[in-house]
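Here the structure is laid out as structure tokens; the discussion comes afterwards.
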Amino acid sequence: MTSTTPSHPSAATRRAQVPEKVALEGLEDRWGKTWNQDATYAFDRTRPREDIFSIDTPPPTVSGSLHVGHVFSYTHTDVVARFQRMRGREVFYPMGWDDNGLPTERRVQNYYGVRCDPSLPYVEGFTPPFTGGVTETGKAIKPADQVPISRRNFIELCEQLTVEDEKQFEELWRYLGLSVDWSQTYQTIGARAQKVAQVAFLRNLARGEAYQSDAPGLWDVTFQTAVAQAELEARDYPGHFHELAFHPTNPADGEAIVIETTRPELLPACVALIAHPDDERYQALFGTTVTTPVFDVEIPVLAHPDAEKDKGSGIAMCCTFGDLTDVTWWRELDLPTRSIVGRDGRIIGETPAWITSDSGRATYAELAGKTTFSARAAVVDALAASGDLLAEPKATQRKANFYEKGDKPLEIVTSRQWYIRNGGREAPGRNLRGELLARGDEFDFHPGFMGVRYANWVNGLNGDWLISRQRFFGVPIPLWYRLDSSGEPDHADPIQPTEDELPIDPSSQAPAGYREDQRGVPGGFIGDADIMDTWATSSLTPQIVSGWLEDDDLFERLFPFDVRPQGQDIIRTWLFATVLRSHLEHGSLPWTDAAISGWILDPDRKKMSKSKGNVVTPMGLLEDHGSDAVRYWAASARLGTDAAFDPQRPTQMKIGRRLAIKVLNASKFALSFGGDEPLALEVAAVTEPIDKALLAELAQVVDEATAALESYDHTRALEVTETFFWTFCDDYLELVKDRAYDRDGVLDPAGVASARTTLGLALDVVLRLLAPVLPFATEEVWSWWREGSVHRAAWPVSEPLRAAAAEGDPQILVAAGAALAVLRKVKSEAKVSQKTRFSDAVVHAPEAEVALLPAVLADLRAVAKIDGELRFAAGDERKAEGELVIEAD
């Protein structure tokens, strides 16, 4: 990151106008309105690309409430934005709303008491039965209360509710002080986003990167939709091991083979037994066949290297489909498909043709229509009756795949779905996995170790990206299919719209050359009923917000973006998918840097999430502690670092509030020395050694803070700045206040001017250093004595400070602060006021400090109130001695 505009303390100030009473309360509302009215953060699109810093802001999901984790990560981004703006870059900082997909559908169902039934006709002016998530009796809406409505009516309610949610989100972001340009917003379901997503999909299709396949895939029976690999969660799920006997078809092949399984209900779908090729126990059986218990179906015994010799009996049944290993075996061993679980999670009703024995068909008939849970019990009973259940079932915890938003284990069902190639399977003529791994080496992760997570994800992909969803509120797959004379769709040759026609909804619009009354009839057409996965749209946020397809000038000024800020948990989804889409469409990266925030943990060190019910909503925290305090808490945690938060003990927020209040009070104090005259910032006026020492130290702070922010280490920048600020308040202000006041007008005018100028220079720089973290307190102080906004002021640089400091030694300030501390200690131990005077005093200090202290003799005598001589003596222990003048009452 580089600066494009030189910065230096401005010589132009005005007479300070400080309120009689200063406070943090009300600053958010006052300055929020001012920033909005003055367009303080408006983006100037006329600047050249090299002057622009573009941020691919994460669009929050608006189907629920924000929690403190959002405040945490978005504050990190805002600190970067404010720093870059002050460095002279024109910051493009937009805000999107991720409002499509399942979370919004569920919220609408629960809020309005409706559910979507695509078979129903549209009702003009439909009024939902409920609002606010409760019935007319005040009870929570249950599934039984939900009224079925048409898809179009359902989508209208989704759009209506998301608009209201977005208003609340924006209000909170403004209160937090995000320096977003609020004219640069978008929705992932908006017309612009839909066009971008549909054009990108059609281009993927034209290049052979998107394809349709009738294949086994993960399916959520509750939400009735396919689920992608990136949306999986592995959870423990209670089950039982069952020992089953499979009998060789040829008795000469030996005794029964023992299989251990947690899913006996899939016996009718069993297509093979699989063991490791090196497992000596089964060498003689490879190539033979066995009969499935109860259902009497002949299946082969085969070898595959993925079989685990040390798991159970070392041999497993392959069913279509029990888990992803079954899919691998089915594909690589070219096994038949014998699916028995339907999309509703129940055993399909029609007895399969491969079950031919009377007893097997009779048993299957008892399973038909049952849930997998009920079918499991029925099969276990049948196995016990046949003698093929060799032992009592043993309780266990098995790992099962869940949809991240679901509460039932996923099934694997065969269905026709749309995929985009992502390197998980071989792509014709290219090594896409290798290309994407190389892309991961081309951009910088902050912190760097997050890059390993990207590489691990790419290396671990085992299938292409499933992007179609069987839901309603999302970007439609923009295709239609011709129907033949018998009404069957031709999936091999879909009807495609032109890019100029997009966006389109094939469920309510007819393709060119067809009439609406030809929908669904032989010889006519049918629209693709699916929508795209929400990540298929969100993966295009750089293109959506930068004007791709409609504003070439803006696109060229913004793309590739400078940074993608996001959470660590969506590296595998949002980050990877965005890299993939940019690589396929543009042959480039979407940005040069990725800033990855850690998680917020609850007091038990568990990740805060809405699904776990342990989140803390932020508005109460912002109101109780102030936005600057909450921002301070967020900025105190480095990127990639998890931070525990206990709402009962918000220690860091209290520290942040104390800092923000001190900024107000110390600034008021520092600005009071100038009287009616503007505080001068002419560096030539700095003449006293301790003043030069302070500026020398401040120059180092500026360099450290700048370097830290350039490398996305906002925490280090805050640490060095805060440390200096407290030294400035506790030591320097106390040491020079008498000289700066010059109440009696008898002090050397040059020394007075030096103190006042140094105070002004230090305040000017410190306010700018703290502005990215404490935008409200710093803007308030800036307004007392400076024109414009501190957030449009230039970021400080060290050169003018070093010029003013000349030969200034920062150790003078250290020595003076230590000397002042031991002099105060004498009065504290004597239990007298710090206003009590010394007749004389001696300060003992290390020899190196004793050599420096004469340079601050006058200031020390004044602040410690020493009437006579102040001497300095070398010693190993810092201490002071002196005669106190105790006046009689």
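Tabulated results
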read-out: Subset of the stretch 178-224 [open to solvent by 30 Å² or more (accessible area, probe 1.4 Å), under 24 Å from PRO503 (Cβ atoms) and β-branched (Val, Ile, Thr)]; value: THR185
read-out: Residue in the stretch 633-660 that is farthest from LEU769 (Cα to Cα), counting only those that are open to solvent by 60 Å² or more (accessible area, probe 1.4 Å) and polar (S, T, N, Q); value: GLN648
read-out: Every residue from the stretch 44-101 that is over 19 Å from LEU540 (Cα atoms), open to solvent by less than 10 Å² (accessible area, probe 1.4 Å), more than 14 Å from the chain's Cα centre (by Cα) and at pLDDT below 95; value: none
read-out: Any chance ALA680 is within 23 Å of TRP782 (Cα to Cα) and not in a helix (DSSP H, G or I); value: yes
read-out: Residue in the stretch 429-438 that is touching a strand residue (DSSP E or B) at 6+ places or on another chain (Cβ under 8 Å), open to solvent by less than 20 Å² (accessible area, probe 1.4 Å) and among the aliphatic types (A, V, I, L, M) present; value: no
read-out: Per-region count, the stretch 485-527, residues surrounded by fewer than 11 Cβ atoms within 10 Å (Cβ to Cβ) and of a type in the set (Val, Ile, Thr); value: 1
read-out: Criterion: basic (Lys, Arg), farther than 30 Å from VAL80 by Cβ and part of a helix (DSSP H, G or I) - qualifying residue of LYS835, LYS827; value: LYS827
read-out: Residue list for the stretch 843-889, restricted to those being free of Cβ contacts under 8 Å to residues at least 24 places away in the same chain, open to solvent by 70 Å² or more (accessible area, probe 1.4 Å) and part of a helix (DSSP H, G or I); value: PRO854, ARG861
read-out: ARG768 being under 23 Å from LYS668 (Cβ atoms) and either touching a residue at least 24 places away in the same chain (Cβ under 8 Å) or within 45 Å of the chain's Cα centre (by Cα) (or both); value: yes
read-out: Selection count, the stretch 428-463, where residues are free of Cβ contacts under 8 Å to residues at least 12 places away in the same chain and assigned to a strand (DSSP E or B); value: 1
read-out: The stretch 512-536, residues that are more than 34 Å from the chain's Cα centre (by Cα) and closer than 25 Å to THR225 by Cβ; value: ARG519, GLY520, PHE525, ILE526, GLY527
read-out: Residues located in the stretch 113-137, provided they are surrounded by 10 or more Cβ atoms within 10 Å (Cβ to Cβ) and on the phi > 0 side of the Ramachandran plot; value: GLY113, GLY132, GLY133
read-out: Failed criterion for LYS142 (all others in (1) modelled with pLDDT under 90; (2) closer than 23 Å to ILE531 by Cα hold); value: (2)
read-out: Output for the stretch 489-536, where each listed residue is in contact (Cβ under 8 Å) with a residue 24 or more places away in the chain and β-branched (Val, Ile, Thr); value: ILE495, ILE504, VAL521, ILE526, ILE531, THR534
read-out: Single condition ALA140 does not satisfy, out of (1) in contact with a Phe, Trp or Tyr (Cβ under 7 Å, 6 or more places away or on another chain); (2) open to solvent by 20 Å² or more (accessible area, probe 1.4 Å); (3) among the hydrophobic types (A, V, I, L, M, F, W, C); value: (1)
read-out: Neighbours by Cβ (under 6 Å, 6+ apart or cross-chain): first from the stretch 379-405, more than 29 Å from ALA365 (Cβ to Cβ); second exposed (fewer than 13 other Cβ atoms within 10 Å of the Cβ) and of a type in the set (Gly, Ala, Ser); value: LYS399/ALA234
read-out: Cβ-Cβ under 6 Å pairs, at least 6 apart or on other chains, the stretch 674-689 side open to solvent by 30 Å² or more (accessible area, probe 1.4 Å), far side assigned to a loop (DSSP other than H, G, I, E, B) and hydroxyl-bearing (Ser, Thr, Tyr); value: PRO678/THR13
read-out: Any hit, the stretch 796-809, residues being at pLDDT 95 or above, open to solvent by 20 Å² or more (accessible area, probe 1.4 Å), outside any helix (DSSP H, G or I) and more than 28 Å from GLN652 (Cα to Cα); value: yes
read-out: Any hit, the stretch 692-707, residues being within 29 Å of VAL752 (Cβ to Cβ), charged (D, E, K, R), at pLDDT 95 or above and surrounded by 17 or more Cβ atoms within 10 Å (Cβ to Cβ); value: yes
read-out: Residue, least open to solvent (accessible area, probe 1.4 Å), within the stretch 716-767, restricted to residues that are among the basic types (Lys, Arg) and either modelled with pLDDT of 95 or more or assigned to a helix (DSSP H, G or I) (or both); value: ARG739
read-out: ILE467 open to solvent by less than 10 Å² (accessible area, probe 1.4 Å) and of a type in the set (Val, Ile, Thr); value: yes
read-out: Of the criteria (1) more than 21 Å from THR222 (Cα to Cα); (2) out of contact with any strand residue (DSSP E or B) (no Cβ under 9 Å at 6 or more places or on another chain), which one ARG106 fails; value: (1)
read-out: Qualifying residue in the stretch 155-176 (condition: in a loop (DSSP other than H, G, I, E, B), open to solvent by less than 70 Å² (accessible area, probe 1.4 Å) and modelled with pLDDT of 95 or more); value: no
read-out: Answer residue from the stretch 309-334, given it is open to solvent by less than 50 Å² (accessible area, probe 1.4 Å) and among the polar types (S, T, N, Q) and is nearest to VAL297 (Cα to Cα) among those; value: THR320
read-out: Index of the failed condition, GLU585 passing every other in (1) modelled with pLDDT under 95; (2) open to solvent by 10 Å² or more (accessible area, probe 1.4 Å); value: (1)
read-out: Tally, over the stretch 375-408, of residues that are open to solvent by 50 Å² or more (accessible area, probe 1.4 Å) and of a type in the set (Ser, Thr, Tyr); value: 1
read-out: Residues located in the stretch 544-557, provided they are buried (at least 22 other Cβ atoms within 10 Å of the Cβ), part of a helix (DSSP H, G or I) and out of contact with any Lys or Arg (no Cβ under 8 Å at 6 or more places or on another chain); value: VAL545
read-out: Top-ranked residue of the stretch 343-367 - restricted to ones that are in a loop (DSSP other than H, G, I, E, B) and of a type in the set (Ser, Thr, Tyr), ranked as farthest from ALA215 (Cα to Cα); value: SER357
read-out: Condition broken by LEU575, with the remaining ones in (1) within 30 Å of PRO775 (Cα to Cα); (2) buried (at least 24 other Cβ atoms within 10 Å of the Cβ); (3) touching a Pro at 6+ places or on another chain (Cβ under 7 Å) satisfied; value: (3)
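The values are calculated or read from the model by the stated rules, or taken from the named source; none is laboratory data. The structure presented is a predicted model; accordingly, all values stated were derived computationally and were not measured. Virtual Cβ from ideal backbone geometry, glycine too; neighbours counted across all protein chains shown. Keep in mind that these areas ignore ligands, DNA and RNA; they rest on the heavy atoms of the full protein, side chains included. Shrake-Rupley method; radii C 1.70, N 1.55, O 1.52, S 1.80 Å.
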